[in-house]
Amino acid sequence: MSEDVDLPESHPRYESLLTRHRIEAGVDRGITSRQGLIAQGRGEAFDYLLGERTIDSADDAERAAAAHLLSAEHPVVSVNGNAAALVPGELVELAEVTGADLEVNLFNRTEERIEAIAEYLREHGATDVKGLTADGRIPGLDHERAKVDADGIGAADVVLVPLEDGDRAEALGEMGKTELVIDLNPQSRSAEVATVPIIDNIIRAIPNITAHARDLRGDPDAQRDAIDTFDADSALTDAERTIRAGDLE
Ligand code: ATP
């Protein structure tokens, strides 16, 4: 990524420093909101306690998420300012492998920021980015927060929402959508209402969902198995236990 600074990969906090740099660059480019900086700090604290690794139950969740995206009629990957700043190319690749649409969907919505994120995704290979039409609404939310594309998230049966706000995650669930949520806090409302809560850093989660999707592609039995064997409550409990135990590796 051209915005990346020259950090030595041997640095013990390499991933964390890179992440911070990308978020900072995202704010400078008008992609990430200033609130996004705070959200990142919150996420980092949980990631530190998880040992900055993908725990086994999160890997199961990532496999189940891949299976849901592949077996959906109309899957959509929602992109906010933090997700775009951290994993733009990886999001484009995931959408390609699973046949999902990419839709920019912001909590603090401005046309400029949506356009900047769409452009950034195009620079990373996206051909069609939704989110600018905003002709659909999520019931139960105030006007600005309710906006979605009618033929994108509005029509989706499965939505992957990284770092989603709790109210919106709840409202999307009430619309009957299968929600795949990436959030490092197992007690966040978004994680609690998700069909598949993925308690992992988006930096690790997106490439791993793509790897599982490559593996599961063309195998409906394996997809069904990944979905049926995943248990959201035990994944949340496992992540919380890991964080509380603090047995860092
Ligand atoms: P709630 O979901 O309980 O309403 P919130 O929306 O108020 O919480 P914020 O601080 O706005 O919480 O959201 C940020 C959420 O995103 C936090 O739960 C944080 O753990 C998570 N998060 C931040 N950075 C990352 C990341 N890189 N990968 C995964 N999750 C992250």
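Structure notes:
- Cα centroid of the range 26-97 to Cα centroid of the range 107-180, whole Å: 14
- Estimated vicinal HN-Hα couplings, Hz - the range 192-201 in sequence order (Karplus 6.51, -1.76, 1.60; Gly, Pro = x): 5, 8, 6, 5, 10, x, 10, 8, 7, 6
- Charge tally in the Cβ shell below 14 Å around ALA213, where Lys, Arg are +1 and Asp, Glu are -1, ALA213 excluded: -4
- Rg of the Cα atoms in the range 129-237, relative to 2.2 N^0.38 Å, amounts to 1.12.
- Between ASP135 and HIS21, the simple label model (points 7 Å from Cα in the Cβ direction) yields a spacing of 4.3 nm.
- The chain, helix-only ellipticity at 222 nm - DSSP H runs n ≥ 4, -39,500 (n - 2.57), divided by all residues, nearest 500: -16500 deg cm²/dmol
- Among beta bridges that DSSP assigns inside the chain, antiparallel share in %, nearest 5: 10
- Amide N proximity, the range 225-244 versus GLN187 label position 7 Å along Cα-to-Cβ, cut-off under 18 Å: 233-244
- Stokes-Einstein diffusion coefficient of the chain, Kirkwood radius over Cα pairs, 25 °C, 0.890 mPa s, in µm²/s: 137
- Between THR127 and ASP142, the simple spin-label model (points 7 angstrom out along Cα→Cβ) gives 4.0 nm.
- Virtual spin-label span in nm between TYR48 and ASP215, 7 Å along Cα→Cβ: 3.1
- Rolling a 1.4 Å probe over the protein heavy atoms of the range 113-192, with every protein chain left in place, gives an accessible area that is 43 percent carbon and sulfur.
- Percentage relative contact order, the chain, counting C-alpha pairs under 8 Å, at least six apart: 24
- Modelled FRET efficiency - R0 51 Å, ASP157 with TYR14, Cβ distances, 0.05 increments: 0.85
- 3J(HN,Hα) along the range 84-89, derived from phi through the Karplus expression 6.51 cos²θ - 1.76 cosθ + 1.60 where θ = phi - 60°, amounts to 4, 5, 8, 9, x, x Hz, with x in place of Gly and Pro.
- Solvent-accessible surface of the range 30-86, taken per residue with a 1.4 Å probe and all protein chains present: 39 Å².
- Accessible area per residue, Å², the range 98-207 with all protein chains present, probe 1.4 Å: 36
- Local electrostatic count, ASP151, Cβ distance below 12 Å [Lys/Arg +1, Asp/Glu -1]: -4
- Close amide H contacts of LEU102 (hydrogens built in the peptide plane, cut-off under 5 Å, sequence separation of 5 or more or a different chain): VAL77, LYS130.
The values are calculated or read from the model by the stated rules, or taken from the named source; none is laboratory data. Here the structure is a predicted model, which means the values were calculated and not measured. Cβ atoms come from the backbone with ideal geometry, glycine included; neighbour counts cover every protein chain shown. In case anyone asks, the SASA skips ligands and DNA or RNA and just uses the protein heavy atoms, side chains included. Shrake-Rupley method; radii C 1.70, N 1.55, O 1.52, S 1.80 Å.
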